[in-house]
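Following: one structure in structure tokens, then a few remarks.
The values are calculated or read from the model by the stated rules, or taken from the named source; none is laboratory data. Since this is a predicted model, take the numbers as computed values, not measurements. All Cβ positions, glycine included, derive from the backbone under ideal geometry; neighbour counts span all protein chains shown. The accessibility values were calculated without ligands, DNA or RNA, using every heavy atom of the protein model including side chains. Shrake-Rupley method; radii C 1.70, N 1.55, O 1.52, S 1.80 Å.
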Amino acid sequence: MGQSPTQLLSSTTFNPQRDVRGERLNASFSCPTDWMNHSPPSYPSTAVAQRRVNKEVVKKSGKRCSFCGGQFHPRYSCPAHDATCFSCGKPGHFPRVCQSNTGYKSAPSKAVVSVSSVEKPYLASAPSCLKPAVVDGLLDNCPAHILVDSGTSENFVDFKICQKLHLAINGSPTSIGMASSEVSIPTCGIVIATLSFHNRTYPTKTFSVIKNLSADVIVGQEFLKLHSSVTFVMNGPEEALTIPPLKPQQLYVAAARLDPPHLFEFLLPECTPIASRSRKYTPEDAKFIASEVQQLLVANIIEPARSPWCAQVLVVHQGPKKRLVIDYSTTINRFTLLDDYPLPNIDELVNNVAQARYYSSLDLRSAYHQTPLLEERFYMAFEAGGELYQYKRLPFGVTKGVSAFQRSIDCFIKRYQLQKVYAYLDDLTVTGETMEEHDLNLKCLLDAAAA
């Protein structure tokens, strides 16, 4: 009797010796009996199949990666695959897992304290060249490497250790400026934690959170200023070097030869004096306000006032920096009409500068504070530290400040007949067809400013 194709295939094993082209084959195979009831299988590529196998191995093993120190994973996905070790200089692994004996080993010093009761920190590892400034300590009772950096203004903590300790990250992300003004790195916010090392405890310290930090914790000037002095023992051949603190220098801004502007020439008829209610400040902000007011007094920019007007000061936080501003929006700005004096057209300025072969750009330092005021100072009175002050120079924050300064700088250029000098607020550009013409125009500008 005849057999169906299915029965024939289920009982037949193929072992062909040659393919259709007459070439010899060494493989033998058999067909499944249920091949007609299933769709053809899809075979992944070799790389994809290998990755699936590696992932299964990772799930079953509880090991840690010997290249980065994190949870065990395939080599192709290791974050240290293209990294270079700071300790030995070899590629392919992080310093915290480096097993080379060529790394720098610092001798014991008074500045380096060993915390023997804790385990080895498990996260970031500082480069070997910085080891004399690294101490072992605790961050919220967790072991951590602490880098003492006198060139850093703030305190920082690595993002991974915040995750490990479940520290709450608050605040908005900002950016931190580096040694080069062209380089900055983002922060993830701030955390508050307790820092312990050298048998001392520093509770509720504030740290900015940064990813991929070179150490678990970095403490800077904000932390170092808590102490009368900090000693680093470097074990070098020379005698000890003591660097005394620099004496604070006051910036004295001279009143330029500008026409005093009329800031309050146009006021609404219902203008009446307003005294804003006093504000409360944190101890840090109050200290900053007192310091700024003292500098303004010494620089002859403000003076004690007797006035029915009173505005309040604000402390504006711009990343790690602070700035003192006066809130005139609740006082005189409510009754001041705008001055429609136009600002220079940017396109015209660019065309004028582009026609020249040589140019110099100058940025006036504290430009507003170089503009004198001869009258109507009592409108700009403000409270700071329980005292009343008023500006003798053009302040920031008044309604007509921008237009008044532009008019003053334009009048200055016309009065001294300065050639090929273009001003956009406090930015001045001097041009010339030749180097000699440029130098002459620049000299005329500087002579006029110093007159």
Checklist entry - How long is the gain from ARG277 to ARG306 if the chain were fully straight, where each residue apart is worth 0.36 nm and the alpha carbon distance is subtracted? => result 8.8 nm
Checklist entry - Mind listing which GluC sites (Glu not before Pro) in segment 131-239 are in a DSSP loop and have 10 or fewer other Cβ atoms within 10 Å? => result GLU182, GLU238, GLU239
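Within a Cβ distance under 13 Å of ARG279, other residues only, what is the Lys/Arg minus Asp/Glu net charge?
Details: positive: ARG277, LYS280; negative: ASP285, ASP327, GLU383.
So the environment of ARG279 carries a net charge of -1.
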Checklist entry - For segment 339-413, what Kirkwood radius comes out of the mean inverse Cα-Cα distance, in Å? => result 15.0 Å
Checklist entry - Around SER66, what is the net charge, scoring Lys/Arg as +1 and Asp/Glu as -1 over all other residues with Cβ under 13 Å from its Cβ? => result +4
Item to check | Directionally averaged projected area (convex hull, Cα atoms, segment 290-341), nm² | outcome: 5.7 nm²
Checklist entry - Taking 0.36 nm per residue of separation and subtracting the Cα-Cα distance, what length does fully extending HIS198 through LEU446 add? => result 83.7 nm
Checklist entry - Relative to the compact globular guide of 2.2 N^0.38 Å, what is the alpha carbon radius of gyration of segment 305-451, as a ratio? => result 1.26
Checklist outcome for this item: Pseudo-spin-label distance ALA286 to VAL350, built 7 Å along Cα→Cβ, given in nm, is 5.0 nm
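Mind ordering 223-232, 192-201 by average Cβ neighbours within 10 Å, highest first?
Working: 223-232: 11.6, 192-201: 15.4.
In descending order of packing, they fall as 192-201, 223-232.
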Checklist outcome for this item: A chain fully extended from LEU241 to LEU297 at 0.36 nm per residue, minus the present Cα-Cα distance, gains in nm 16.5 nm
Item to check | Average accessible area per residue (Å²) across segment 211-354 - probe 1.4 Å, nucleic acids and ligands excluded | outcome: 70 Å²
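With every protein chain kept in the model, how would you rank THR204, THR434, THR152 by accessible area, 1.4 Å probe, largest at the top?
Values: THR204 100, THR434 65, THR152 25 Å².
Descending order: THR204, THR434, THR152.
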Checklist entry - Just the accessible area for LYS322, please: 1.4 Å probe, Å², rounded to the nearest 10? => result 80 Å²
